[in-house]
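Notes follow the structure.
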Amino acid sequence: METNPADLPALHLYARSFRYSGVELGETRIEAYPTAKGFHFEKVDAASEHLSVLASGDWSLDETGQRSDFEIHMASASLGDFLKTMDISSSVQGGQTIVDFAAWWPGSPAAFALSRLNGLIEFKVVDGNITDASAGGGRLLGLLSIQALPKRLSLDFRDVFDTGFSFDEAAGTFRMENGTASTDDMLMKSSAANISISGSTNLVEQQYDQLMTVRPGLGNTLPIIGVLAGGPIGAAAGLALQGLLQEQLGEASKVQYTITGSWDEPVFEAVEVERVVPEPQPPPSG
């Protein structure tokens, strides 16, 4: 890895079974050759039972050192099954997934690490479910510990999350910078509720700094049942919830929370509750 990549010979590789960084890529073909600036990967084509990968890119060397730049397209018929093969989590079930990643990191391709990762990720997952079995996979995607909501928040989400959160589609864009993933457009859609997420997740330090907005699906509302079951709450949220309870309002049309702290012990704080405003009734006749 200390050599000049431009000095490497052309590579024509076929493997019936190939693993990279612990990920089983299955049948793999690689075509690559040296250039004046380094080493060009014309095609990386891999397909396993749970994942297919198409990639191309360059391993270059200049006065600042080595650098790897890759365009990566990944597809999986079941995100949950793919995560299980990586021994990450079983919290996600199903989920047809497409990911496009324009990535770069300092160093050779073998120097890939979350702490060095930069670039843009665009993803879309359809027909998936986040169960209450484990939060690992959800955290990996920045989907948060969805199953912790009924325990930690002052709103009754049991009808939404009782058997896990099934969603029709989850999509968004993450900008990676040295292992921190930031988004302002992540959205999960389902008949029960739509959940949007903005902010950042530090994949190296495993820390959250996000804002989550929960909007019930058409015809649904979120009934307010009391005070927080656990975890701190901000002053503004306390006043908002206290006012709601004093007015004996039974429903909310939108709730926003900040999520901070570690992946293992995230802190949820309500920052805004938007209630349902009853429609005015006509005066009685006569």
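The values are calculated or read from the model by the stated rules, or taken from the named source; none is laboratory data. Here the structure is a predicted model, which means the values were calculated and not measured. FYI the Cβ positions are ideal-geometry reconstructions off the backbone, even for glycines, and counts take in every protein chain you see. For the accessible areas, the whole protein counts, side chains as well, though only heavy atoms, and no ligand, DNA or RNA atoms are used. Shrake-Rupley method; radii C 1.70, N 1.55, O 1.52, S 1.80 Å.
Compute the signed sum of charges (Lys and Arg +1, Asp and Glu -1) over the other residues within less than 12 Å, Cβ to Cβ, of Arg67.
So the environment of Arg67 carries a net charge of -2.
Kirkwood Rh over alpha-carbon pairs of the stretch 1-65, then Stokes-Einstein at 4 °C and 1.567 mPa s: what D in µm² s⁻¹, rounded to an integer?
102 µm²/s
Provide the packing ranking of 49-62, 6-19, i.e. peptides ordered by the mean count of other C-beta atoms within 10 Å per residue, highest first.
The peptides rank, most packed first, as 49-62, 6-19.
Taking 0.36 nm per residue of sequence separation and subtracting the Cα-Cα distance, how much length would be gained by fully extending the chain between Ser253 and Ile98, in nm to one decimal?
Length gained between Ser253 and Ile98: 52.7 nm.
Share of Cα-Cα pairs in the stretch 1-134 beyond 26 Å, in percent?
28 percent
Leaving ligands, DNA and RNA out of it, work out the accessible area of Ile197 with a 1.4 Å probe and give it in Å² to the nearest 10.
10 Å²
Within 12 Å, Cβ to Cβ, of Asn118, how many net charges do the neighbouring residues add up to if Lys/Arg are +1 and Asp/Glu are -1?
Combined, the nearby Lys, Arg, Asp and Glu give +1.
Around Phe41, under 12 Å between beta carbons, what's the net of Lys plus Arg minus Asp minus Glu among the other residues?
-4
Reachable lysines from Lys84, Cα under 22 Å, same-chain residues fewer than 8 places away excluded?
Lys124
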